[in-house]
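A short reminder: the numbers here are calculations on the coordinates, not readings from a lab. Owing to the predicted nature of the structure, the values given are computational and were not obtained by experimental measurement. Using ideal geometry, Cβ is built from the backbone for each residue, glycine included, and neighbour counts are taken over all protein chains shown.
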Amino acid sequence: MKVFINKRIPEIGIKMLEEAGLEVTLPTHDNLPHEEWLKYCQNADAILNVGHNKFDREFFEQCPNVKAIALYSVGFDHVDIKEATLKNIPIGNTPDVLSRATSDVAFLLMQSVARRASFNFQKVKDGNWGDFDPLHALGQELYGKTLGVFGLGRIGFEMAEKCKKAFNMKIIYHNRHHNEEAENELDATYVSFEELIGQSDVLSIHANFVPDQKDLFNASVFEKMKPDSIFINTARGGFHNQKDLYEALVSKQIWGAGLDVTNPEPIFKDDPILELSSVCVLPHIGSATIEARNGMAKVASENIIAFSKGEKMPNCANPEVYKD
Ligand code: 8YV
């Protein structure tokens, strides 16, 4: 079976595939233009995909040989799951292995924004240390404040747990379902969306992105948030309207924002949001640890190997393909 991997992944994953007797193809150069990427896909039976290439109806029609896709990501918003299922193509993903790393980044952004760390670091880099001033560079403390989690799954749980343990924060959440583990272990309280945005001191997004939630966090939401609140997005940039977020920060409707994902993504140095001292932006590094990336390589390869043996992918975004 021929497997195409569009970018080099940690060696552990490639080794697993080769030891399973699979024929692995890696591109000759990075960042393939779309047409070249498509040609590689057309010659493969299965794809291990890094990044957010679109797998939609057009793709499936152009690549009839592709029988399975293992994503090197937990998110699958770039895949038309309905279409894949219709074509009986299992879509693997990589949950769990990146929950710690991604929630670490949410936690890091929260603290960074609370203490204006990136702004102050920039001052030092600019040679502008400044005199000690009792009224200057004042951040805020997080101890005992309220964390609101939008989407309390595995990553949201880990973020909530860190906030509870480190700062004794009160946890509220809004989700499709109740999360009993979080209610029992973290004393988390289920609230409505309106309560979530009105009561959170820190609001952190950890949900799977679906198109009907595009721009869910927009002007009408930011105006209902507390003026001292911090908005954190490590999930998908599509959740927030970035122009509205910028306006909310400039007009001090909210206190700050920490983003590991942007809308659009990427952004460049002329983006006005980067000029704000109340913002910390990272370039989508949520899962960028040695541990998480090795774990993702292992899980994605396990998915491909299971498929090659005619078995169910252990982590599958559309398990309905396995029902008769
Ligand atoms: C990946 C991510 O780095 O897993 C996800 O959903 O956003 C990141 O961990 C990215 O998707 C690259 O494949």
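Structure notes:
- Comparing Cα centroids, the stretch 33-49 and the stretch 164-198 end up 42 angstrom apart.
- The chain - share of DSSP beta bridges that are antiparallel (%, nearest 5): 5
- The ellipsoid that matches the Cα gyration tensor of the chain has semi-axes, each √(5λ) in whole angstrom, of 38, 22, 18, with the longest given first.
- Extents of the stretch 15-75, taken as max minus min of Cα coordinates on every principal axis and listed largest first, are 33, 25, 24 Å.
- Over all projection directions, the Cα-based convex hull of the stretch 172-249 averages an area of 5.2 nm².
- Euclidean distance between Cα centres, the stretch 242-278 to the stretch 214-234, Å: 11
- Normalising by residue count, the stretch 68-222 has a Cα convex hull of 160 Å³ per residue.
- Charge-dipole axis of the stretch 99-281 as Lys and Arg at +1 and Asp and Glu at -1 on Cβ define it, positive-most pick from GLN140, ILE230, GLY127: GLY127
- Spin-label zone in the stretch 129-163 - amide nitrogen under 11 Å from a point set 7 Å from the Cα of ASP228 along the C-beta vector: 140-146
- Test item: Cα-centred dipole of the chain, Lys/Arg +1 and Asp/Glu -1 on Cβ, debye: 300
- Rounded FRET efficiency, nearest 0.05, which uses the C-beta distance separating ALA219 from GLU83 and R0 of 45 Å: 0.85
- Taking other residues whose beta carbon is less than 14 angstrom from the beta carbon of TYR190, and scoring Lys, Arg as +1 and Asp, Glu as -1, yields -4.
- Helical runs assigned H by DSSP (4 residues or longer) give the chain a calculated mean residue ellipticity at 222 nm of -10500 deg cm²/dmol, each run adding -39500 (n - 2.57) before division by the residue total.
- Estimated dipole of the stretch 1-73 in Debye, rounded to 20 [Cβ of Lys and Arg +1, of Asp and Glu -1, Cα centre]: 100
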